[in-house]
1. Run the helix sum for the chain: -39,500 (n - 2.57) per DSSP H stretch of 4+ residues, divided by residue count, reported at 222 nm to the nearest 500 deg cm²/dmol.
2. List the residues whose amide H sits under 5 Å from the amide H of M155, counting only those 5 or more places along or on another chain, with H placed 1.01 Å from N in the peptide plane.
3. Multiply the residue gap between S89 and D63 by 0.36 nm, knock off their C-alpha separation, and tell me the result in nm, one decimal place.
4. Each label point is 7 Å from the Cα along the Cα-to-Cβ direction; what then is the distance between the points at Q32 and Y70, in nm?
5. Whole-Hz Karplus ³J(HN,Hα) for region 40-56, in order, using 6.51 cos²θ - 1.76 cosθ + 1.60 and θ = phi - 60°, x for Gly and Pro?
6. Measuring from label point to label point, each 7 Å out along Cα→Cβ, what is the T50 to Q119 span in nm?
7. Relative contact order for the chain: what is it in percent, counting Cα pairs under 8 Å that are at least 6 residues apart?
8. Taking neighbour Cβ counts within 10 Å as the exposure measure, how do T203, T140, T36 sort from fewest upward?
Amino acid sequence: MSEKLLDISPDIYQSLSDSERHLLDYIYQNMQRIATLSIVKLSEEANVSTATIVRLMKKLGYDGYTSFKYTMKEHRNFKEDRVMDDIDSQIKEAIRKNEREVLDTIHMLNIGQIEDAIQKIHNADKIYVFARGFSELIGTELTIKLQLLGKNCEMHTDPNIIRVKSKKLFPQDLVIFVSLNGETEELIEAAKNFKIKAISTITLTTRIDSHLAKLSEIILVGYKGDQSFFPEYEVRSRLPLQVLSRVLLDSYVIRISNEK
């Protein structure tokens with residue numbers, strides 16, 4: 001059995017059907033509740049058959065759905081933090097929201113994917129970071145740190161430049177997408193161009209079933225909570241992407257330091 005709850009290799013991910021990928025994304029986004037759901041209830045909520053659930057669990061390395069739930073309960077820590085006993089209940093929820101996004105993103109990390117991403121970064125002649133909106137903040141930090149590590153790296157956020165650049169890269173280049181939902185039109189268009197030209201891509205996202213993720217070679221997925229404290233605006237938390245970015249860069253530094 002895999003040590004990670006949802007550890008999945010690129011080969012296995014590519015072998016998943018659309019319904020299995022949809023189910024996997026549903027599990028990602030409902031990690032807090034899955035351990036309490038029966039297979040029938042999960043089937044109803046995710047709108048997939050129980051057979052699809054069983055097939056996905058076996059592909060993930062579990063004997064079945066019950067085995068997966070048991071492992072999840074073993075990994076989870078449901079203890080209340082006594083330090084927060086005197087904090088307002090709404091503030092507690094805000095704290096827990098951030099805690100869940102960090103911890104669940106860490107639980108979802110795929111070591112194999114990270115190792116593959118490290119090698120891609122190490123071998124790339126030039127790295128391009130593409131991001132839009134609030135994800136640009138994470139893309140900027142990622143770009144600067146890669147430059148400090150001696151990599152030839154540049155970032156683009158303008159939609160027209162992204163579209164033009166996507167037609168001019170070379171096979172030895174590497175592209176890193178930073179996208180919360182993986183549905184930004186110009187990023188998807190660029191990813192299609194890279195797939196045609198066999199240019200390696202790494203995507204940091206919270207949607208494993210997004211169009212961008214399906215077009216990417218390596219996908220690092222984080223957990224995004226449903227709650228937003230700014231419901232009138234599209235300013236959802238990028239904390240999961242921040243965690244993914246930091247883990248990726250820290251891991252890269254460790255690997256290249258060990259090789260010296």
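No value in this document is a laboratory result; all are computed from the given coordinates. All values reported here derive from a predicted model rather than from experimental measurement. Every residue, glycine as well, gets a Cβ built from its backbone with ideal geometry; the counts of neighbours run over all protein chains shown.
1. -16500 deg cm²/dmol
2. For M155, the qualifying residues are V129.
3. Extra length from S89 to D63 when fully extended: 5.4 nm.
4. Distance between the two pseudo-spin positions: 2.7 nm.
5. Running phi through 6.51 cos²θ - 1.76 cosθ + 1.60 with θ = phi - 60° gives 5, 5, 4, 4, 5, 5, 8, 6, 10, 7, 5, 5, 5, 4, 5, 4, 5 Hz.
6. A separation of 4.1 nm, rounded to one decimal place.
7. Value for the chain: 20 percent.
8. With the sparsest Cβ surroundings first, the list reads T36, T140, T203.
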